[in-house]
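First up is the structure itself, then whatever we jot down about it.
The values are calculated or read from the model by the stated rules, or taken from the named source; none is laboratory data. Here the structure is a predicted model, which means the values were calculated and not measured. Cβ placement follows ideal geometry from the backbone for every residue including glycine, while neighbour counts extend to all protein chains displayed.
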């Protein structure tokens, strides 16, 4: 069974700085997708970014980018120019042949003004 | 327009009661899901339906029964509620059941069992 591990329960960063959230996963599949979701205090789960495993190029969405290392099974999220609105729980998730999303434990990100 | 909606947003009830949570999506998606987020924020899949057909049924007590009257709706009925059922329940949908299909989540229903 696939597992997703986020080793940082909490992270904090100064506003306008850059922060990287870590995620590792375990799978024997070669074709899969990885996601980062954001959950602000409103509780809504919001998709931040996704990465196809067969693509070597790292996905980017404005201030959000990933560092996908397939051999190392690592999928970190970099947030540049952090803003107060980025404060949230961030979840890394995996989806492969079993079709269900497997989530990590989450990282709570605090932005210090 | 809300893409994935859930009712109610909050549900407080006594142990032993039966309750339902409703989910509707207006995205035209074929696949819908129920996830449970526990008190430690851990999210886990419970069920998935594709075109009204059950395709994922994780290890969930029989007290939980999903029902999909049509592909735009997936309801969750819970019998004989227990304290441990207290959690946030999220509905989600995706275009299809493939790994490539992004899942879009509803706002969640916070269930509190007293």
*How many residues does the stretch A:67-83 contain that are in a strand (DSSP E or B) and touching a residue at least 24 places away in the same chain (Cβ under 8 Å)?*
8
*Would you please name the residue that is nearest to the other protein chains (Cβ to nearest Cβ), looking only at residues in the stretch B:18-53 that are exposed (fewer than 13 other Cβ atoms within 10 Å of the Cβ) and under 18 Å from residue B:78 (Cα atoms)?*
B:38
*Members of the stretch A:65-83 found to be out of contact with any strand residue (DSSP E or B) (no Cβ under 9 Å at 6 or more places or on another chain), surrounded by fewer than 15 Cβ atoms within 10 Å (Cβ to Cβ) and either within 14 Å of chain B (Cβ to nearest Cβ) or at negative phi (or both), listed by number*: A:71
*Among the residues of the stretch B:76-111, which ones are away from chain A (no Cβ under 14 Å) and surrounded by fewer than 19 Cβ atoms within 10 Å (Cβ to Cβ)?*
B:77, B:79, B:80, B:82, B:83, B:84, B:86
*Evaluation of residue A:57 against (1) more than 12 Å from chain B (Cβ to nearest Cβ); (2) closer than 20 Å to residue B:99 by Cβ; (3) out of contact with any strand residue (DSSP E or B) (no Cβ under 9 Å at 6 or more places or on another chain); (4) exposed (fewer than 12 other Cβ atoms within 10 Å of the Cβ) (one fails), failing number*: (3)
_Could you check the stretch A:32-51 and list, in sequence order, the residues that are touching a residue at least 24 places away in the same chain (Cβ under 8 Å), more than 7 Å from chain B (Cβ to nearest Cβ) and either touching a helix residue (DSSP H, G or I) at 6+ places or on another chain (Cβ under 7 Å) or farther than 17 Å from residue A:64 by Cβ (or both)?_
A:41
*Could you please give the count of residues in the stretch A:29-56 that are on the phi < 0 side of the Ramachandran plot and part of a loop (DSSP other than H, G, I, E, B)?*
13
_Suppose we keep only residues that are farther than 13 Å from residue A:3 by Cβ and assigned to a loop (DSSP other than H, G, I, E, B) within the stretch A:84-99. Which one would you say is farthest from the other protein chains (Cβ to nearest Cβ)?_
A:87
*Where residues in the stretch A:88-113 are more than 14 Å from the chain's Cα centre (by Cα) and at pLDDT 95 or above, which of them is farthest from residue B:49 (Cα to Cα)?*
A:112
*Quickly run through the stretch B:1-16 and pick out the residues that are over 14 Å from residue B:76 (Cα atoms) and more than 12 Å from every other protein chain (Cβ to nearest Cβ).*
B:1, B:12, B:13, B:14, B:15, B:16
*Which residues, taken from the stretch B:25-53, are free of Cβ contacts under 8 Å to residues at least 24 places away in the same chain, over 29 Å from residue B:14 (Cα atoms) and not in a loop (DSSP other than H, G, I, E, B)?*
B:53
